[in-house]
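Okay, structure first, notes after.
The values are calculated or read from the model by the stated rules, or taken from the named source; none is laboratory data. None of these values were measured; they are calculated from a predicted model. Heads up, the Cβs are rebuilt from the backbone with ideal geometry, glycines too, and the neighbour counts pull from every protein chain shown.
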Amino acid sequence: MHVVRSARSLALALIVALGGACDSGDPAEQPPLDMAPAPDMSLALDMSPDMPPAPDAGPDMAPAPDMSPDMAPDPPPARFEQLDRCLEDVIAGSPASGAAVVVVERGALAHAAGLGHRNDPDATPVEPSTLFRFASILKGMTALALFTEVEAGNLDVQTPVAELLPALAEHADPRWQTLTVHHLLTHQGGFADYGGVQAPGEPDSVLGEVVESAAFAEAAYFMVDPGTFYNYANPNYMLAGRVLEVLTGQSYREAMQARVFAPLGMQRAMFRPVDVIADGDYARGSSVDPESGSAVPVPADAYDSVWGRPAGMGWASALDLARYVQFVIDGGHLGDDLDPEPWLPPVGPETWQAWRAEQIEAESHLIRYGAAHGLIIGQGFYIERQYHPITTVGHDGNLQGYTSVMLTAPELDLGALVLINSDFLNGPLHGCLNTLLTTSEAAPGPAEPPVRWPDPQTLGDYVGTFDGGPWLGTIIISLDEAAGLVLDLPDAAAEGIPFETTVLPFARDVFVVDIYDYQRFVTGIRLAPDEPVHYLRSRYFVGHRVDEAPQQKRRRALDVEPLRRPRLLSEPLPPAADPRR
């Protein structure tokens with residue numbers, strides 16, 4: 001049975017589960033996850049970036065296992081040993097039991113390793129061939145499949161989605177008729193984030209039945225007009241998957257196999273848990289019971305979502321995904337070390353360039369991030385307070401029991417991917433991969449960081465009243481000479497939703513607030529550079545200013561330490577209560 005909740009019940013359910021910061025699809029938000037393994041639970045499908053990197057790897061980890069049945073492998077380079085040790089530390093410090101990692105460099109598979117075990121009764125070792133859920137890394141592939149239609153002349157991404165899915169034009173909100181395919185692929189749809197899962201076994205037709213329904217339109221309602229700004233939300237890609245079905249005349253699952261997996265040589269990429277179980281070489285997930293705090297297994301068939309597939313419900317091995325990593329780097333294919341026959345890219349160079357090109361700034365962190373089509377482009381990163389000016393292209397994933405991180409540095413001709421069988425580990429995994437990128441001979445050294453610090457002089461730009469929609473209701477921001485910005489949520493308080501009044505500056509126009517005992521990022525969006533803030537943007541709510549903008553928006557710097565010292569990515573936010581309840 002598939003489930004689409006009403007807007008009000010959805011609001012109450014998901015505001016309980018709002019996530020904190022992490023590094024993946026949305027540079028500022030980590031999505032919520034309902035951690036219960038039962039069918040029909042509410043679950044957001046993705047992942048987002050910007051968790052603080054983990055410390056450098058420790059000294060005492062074993063090297064990667066022998067991958068060749070015929071000959072002893074050469075010792076891995078020291079930097080790959082360091083990567084494996086770092087990942088072993090992540091496993092040891094989390095509910096995860098195992099991980100798989102691949103590194104692609106200069107057009108070849110430079111490193112592949114399995115670490116730990118598959119969380120099965122026999123503690124079977126993980127291999128690079130072991131299947132994991134790879135979650136929202138799939139978004140870029142969904143976009144790529146649609147770009148095969150662009151290359152064939154069958155799709156213009158500026159086409160209104162309602163022209164391709166006429167049922168959407170029947171919805172009451174007229175904005176469904178202004179929504180374009182480009183909005184979907186660049187997270188500019190303006191939707192409230194929404195997702196869900198069911199028990200496995202639903203037919204492929206469920207994707208169209210759900211995302212074209214009036215109930216889905218009510219749940220994934222417009223928080224802002226399409227095209228207003230970037231705001232990561234899974235419904236964008238659920239709808240994009242349905243567009244792919246209509247254009248190809250195939251189910252999403254069949255179209256992805258024909259348009260992406262087969263051309264990339266991903267022979268063991270799949271969607272249905274029954275196929276994963278039949279394959280046999282897969283890692284069972286591990287999560288944390290919110291009541292007991294103990295680790296609990298997440299079987300391969302614990303959940304599925306046909307209508308959530310295009311946003312991130314796939315399975316693949318690290319070896320399969322190495323081909324995609326190389327395609328992201330330069331639009332080409334790996335050498336013949338993985339396949340007896342060469343494989344061809346799904347699209348040509350011009351279409352590849354259009355697919356991977358930045359479309360809009362994400363406006364959400366200390367580092368500048370931009371969004372391509374299902375990919376995030378970062379302008380450097382911090383490791384232990386040092387800024388490294390390495391441009392990255394990648395995406396993360398997070399689902400119950402699994403985390404995935406893909407990070408490439410095209411200018412270094414280097415990329416890596418990690419799959420691990422526990423959730424909310426994006427930040428530590430990014431720490432391991434960021435360190436790897438700095439070990440490239442072509443990597444630049446640390447540099448002066450870009451100036452994106454909080455500006456106490458502009459705090460008055462936020463003062464006022466905002467409409468936070470059905471999740472939060474009225475949002476009131478005031479400025480206290482001693483405490484800085486102060487948050488009040490009178491409607492949420494009336495519903496018994498706890499929140500902290502402190503608004504902590506994090507980066508330029510980016511703040512951390514605590515709602516329901518969990519920290520989340522909020523970005524101030526201006527209609528013009530020198531105007532007061534008009535929107536308070538977050539993944540799960542958007543506040544629209546409803547009062548007259550303040551006349552005296554510039555204020556003197558307040559002598560408050562939290563306002564003067566920005567947090568860096570190497571400084572994690574304080575631990576928060578688990579939102580998965």
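Here is how the numbers come out for the structure above:
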quantity	calculated
Exclusive hit being of a type in the set (A, V, I, L, M, F, W, C), on the phi < 0 side of the Ramachandran plot and outside any loop (DSSP other than H, G, I, E, B), set V224, V260	V260
Of all residues making up region 292-313, the number that are crowded, with 22+ Cβ neighbours inside 10 Å and at positive phi	1
Of the criteria (1) touching a residue at least 60 places away in the same chain (Cβ under 8 Å); (2) assigned by TED's automatic domain parsing to the domain that holds S287, which one L115 fails	(1)
Positions within region 540-551 being buried (at least 18 other Cβ atoms within 10 Å of the Cβ), modelled with pLDDT of 90 or more and in a loop (DSSP other than H, G, I, E, B), in sequence order	F541
Pair list, Cβ < 7 Å and 6+ apart or interchain, from region 462-488 residues that are buried (at least 16 other Cβ atoms within 10 Å of the Cβ) to residues that are in a helix (DSSP H, G or I) and among the β-branched types (V, I, T)	W471/I15
Region 427-452 residues that are in the same structural domain as R85 (by TED's automatic domain parsing) and closer than 13 Å to G380 by Cα, paired with ones that are surrounded by fewer than 21 Cβ atoms within 10 Å (Cβ to Cβ) and of a type in the set (S, T, N, Q) (beta carbon under 6 Å, 6 or more apart)	none
Any hit, region 281-291, residues being under 24 Å from A409 (Cβ atoms) and either in contact with a strand residue (DSSP E or B) (Cβ under 9 Å, 6 or more places away or on another chain) or assigned to a helix (DSSP H, G or I) (or both)	no
Subset of region 249-260 [more than 22 Å from N398 (Cβ to Cβ) and either buried (at least 20 other Cβ atoms within 10 Å of the Cβ) or in contact with a strand residue (DSSP E or B) (Cβ under 7 Å, 6 or more places away or on another chain) (or both)]	S251, A255, R259
Unique residue being surrounded by fewer than 17 Cβ atoms within 10 Å (Cβ to Cβ), farther than 30 Å from N231 by Cβ and modelled with pLDDT of 95 or more when the list is D281, D289	D281
Qualifying residue in region 135-158 (condition: part of a loop (DSSP other than H, G, I, E, B) and crowded, with 24+ Cβ neighbours inside 10 Å)	no
D488 vs. criteria touching a Lys or Arg at 6+ places or on another chain (Cβ under 7 Å) and not assigned by TED's automatic domain parsing to the domain that holds Y369	no
Meets criteria (among the hydrophobic types (A, V, I, L, M, F, W, C), on the phi > 0 side of the Ramachandran plot and in the same structural domain as Q257 (by TED's automatic domain parsing)) for A135	yes
Checklist (1) surrounded by 19 or more Cβ atoms within 10 Å (Cβ to Cβ); (2) more than 18 Å from the chain's Cα centre (by Cα) applied to A416, failing item	(2)
Residue satisfying all of: in region 496-539; surrounded by fewer than 20 Cβ atoms within 10 Å (Cβ to Cβ) and among the small types (G, A, S); modelled with the lowest pLDDT among these	A528
Failed condition for A240, given (1) more than 30 Å from G348 (Cβ to Cβ); (2) assigned to a helix (DSSP H, G or I); (3) in contact with a helix residue (DSSP H, G or I) (Cβ under 7 Å, 6 or more places away or on another chain)	(1)
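Condition check ((1) in contact with a helix residue (DSSP H, G or I) (Cβ under 9 Å, 6 or more places away or on another chain); (2) under 30 Å from S294 (Cα atoms); (3) crowded, with 24+ Cβ neighbours inside 10 Å; (4) among the β-branched types (V, I, T)) across all residues:
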position	(1), (2), (3), (4)
T391	yes, no, no, yes
L412	yes, no, no, no
G427	no, yes, yes, no
A442	yes, no, no, no
P456	yes, no, no, no
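Let's see how each residue does on (1) surrounded by fewer than 24 Cβ atoms within 10 Å (Cβ to Cβ); (2) among the β-branched types (V, I, T); (3) without any contact (Cβ under 8 Å) to a residue 60 or more places away in the chain; (4) touching a Pro at 6+ places or on another chain (Cβ under 6 Å):
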residue	(1), (2), (3), (4)
T178	yes, yes, yes, yes
V181	no, yes, no, no
H187	no, no, no, no
Y194	no, no, no, yes
Q198	yes, no, no, yes
P203	yes, no, no, no
L207	no, no, no, no
A214	yes, no, yes, no
G227	yes, no, yes, no
